Structure formats: structure tokens, C-alpha cells
Amino acid sequence: MTDAIAPGDPAAPAATPAAAPDHPAASVDHSEPASDPTVVGPEDGARAPRRALVVTASTRAAAGIYTDRSGAIVVERLRAWGFDTPDAVVVPDGVATAAALHIALAAAPDVLLTTGGTGLRPDDRTPEVTRPLLDVEVPGIAEAIRAAGVAKGVPTAMLSRGIAGVAGGTLLVNLPGSTGGVKDALDLLEAVVLHSVDQMRGGDH
């Protein structure tokens, strides 16, 4: 019978070390994963640039009889408010204005302002071609524009038939054709345009 060898006995054979694995264990990386620069988060959407378009309805300006000054004023003001705005599109009154509005709305701008075609001349048809495009009217805007003109001593401002409303995600407003009427209307709109765009983008009231 073989004598048992007690642990720690000098006669005990040395333990054979465990063989090293053929492949070292992969280290665990606890660092944060790198962000994908192509992923657009909600905060990036909030910084999307505001875009605006301008349509001038004037048969004479479209024919080159005189320069479109009112459209240029609207464009300049929109740019000053931070809107990405190309030069105004100048078209004749009536059917051509309707076509220009359809094209402009297809580009889905935040704001679309028209100037001209809101008076009592037979070919002043901007309100008529605008109304079918609106999902909802915002009558207070047009009413305030007329009231502001009258308050400044321009009684003929009440003859303007411009309307305003929302078409899709676009605020669409008819402005008068005169440079004075445009400036007065823009002074008024400055206080509400950005707030309106923010609301249409889902912002708080």
C-alpha cells in the first residue's frame, strides 16, 4: 500500500502551471461609443434654418415697366430677421400669381409673403388665388395690417383686401403693393412672425 503524501510534504510533486490560452482574453472597453456625425438629433432639428419666399404680383413690374421695389423691401427685412430668403419672384397679376404661389408652397418655406394685387383694380386677384391654398385663415393678421395703416393716417389702407393664414407648414400673408404699405405691414409682422413659425414647428405658446 502506497503511503499518502501530505500537502506541503517536500516529496510532493510541483503543481504543473496552467497552460496559457492560445488567444489572450479581449479587454473590455468601458469608454463611451463615438457619436455618429451623420445622425441628426432633435436638437439639430431645432436649429434648422428658417426659410422664406416672396412673390410680387405686379403686371407692370413683371413687364419691366418699373423696378419691383416692394418685393426687395420684403426680402431685405426677412433676411434681417434671420430667414434664408432668395430674391423675390415677380409675376403678373392673376393666374400667374396663382401659379407662383403653388410653386412656392411646394418648396415648403416657413413663411411666404406676397406683395401687390390686393386692391380694387380688376386684375388685383391675389386674395382670391391665395384663399383656396389656406388650410386655416388667420384673419387677425390682415385686420391688424389694415388698422395700422389707417392709424398712421392712411385711410386708403382699409381698401386693401389682403388675407393671411397657414398653408401646410407655411405662414402665408398678403401685403399691400405700395412701398409705404409694405413697410408698415412689416413693422407690424416683426412682432409675430418668429412666434408664428415657432408655433407651427410645435413650439410652446
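Being of a type in the set (S, T, Y) and under 16 Å from D187 (Cβ atoms) is the filter here; which residues of the stretch 70-85 pass it? Break it down stepwise before answering.
At the first step, the residues of the stretch 70-85 found to be of a type in the set (S, T, Y) are 70, 85.
Within the stretch 70-85, S70 is the sole residue that qualifies.
All but one of (1) in contact (Cβ under 8 Å) with a residue 40 or more places away in the chain; (2) within 23 Å of the chain's Cα centre (by Cα) hold for T118, so report the exception by its number.
(2)
Residues are listed down the side, and each one gets a yes or a no for (1) among the aliphatic types (A, V, I, L, M); (2) without any contact (Cβ under 8 Å) to a residue 60 or more places away in the chain:
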position: P132; (1), (2): no, yes
position: N174; (1), (2): no, no
position: E190; (1), (2): no, no
position: M200; (1), (2): yes, no
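Scan the stretch 95-136 for residues that are among the small types (G, A, S) and touching an Asp or Glu at 6+ places or on another chain (Cβ under 9 Å) and report the count.
We begin by selecting, within the stretch 95-136, every residue among the small types (G, A, S); these are 96, 98-100, 104, 106-108, 116-117, 119.
Pick out the ones that are also touching an Asp or Glu at 6+ places or on another chain (Cβ under 9 Å) and you get 98, 116-117.
Qualifying residue count for the region: 3.
Considering only residues that are closer than 15 Å to V75 by Cα and among the acidic types (D, E), look in the stretch 143-189 and name the one that is nearest to the chain's Cα centre (by Cα).
Among those that are closer than 15 Å to V75 by Cα and among the acidic types (D, E), it is D187.
Any read-out appearing in this document is the output of simple, stated calculations on the displayed coordinates, not a laboratory observation. These numbers come from a predicted model, not from an experiment. Here Cβ is always computed from backbone atoms with ideal geometry, including for glycine, and neighbour counts include all displayed protein chains.
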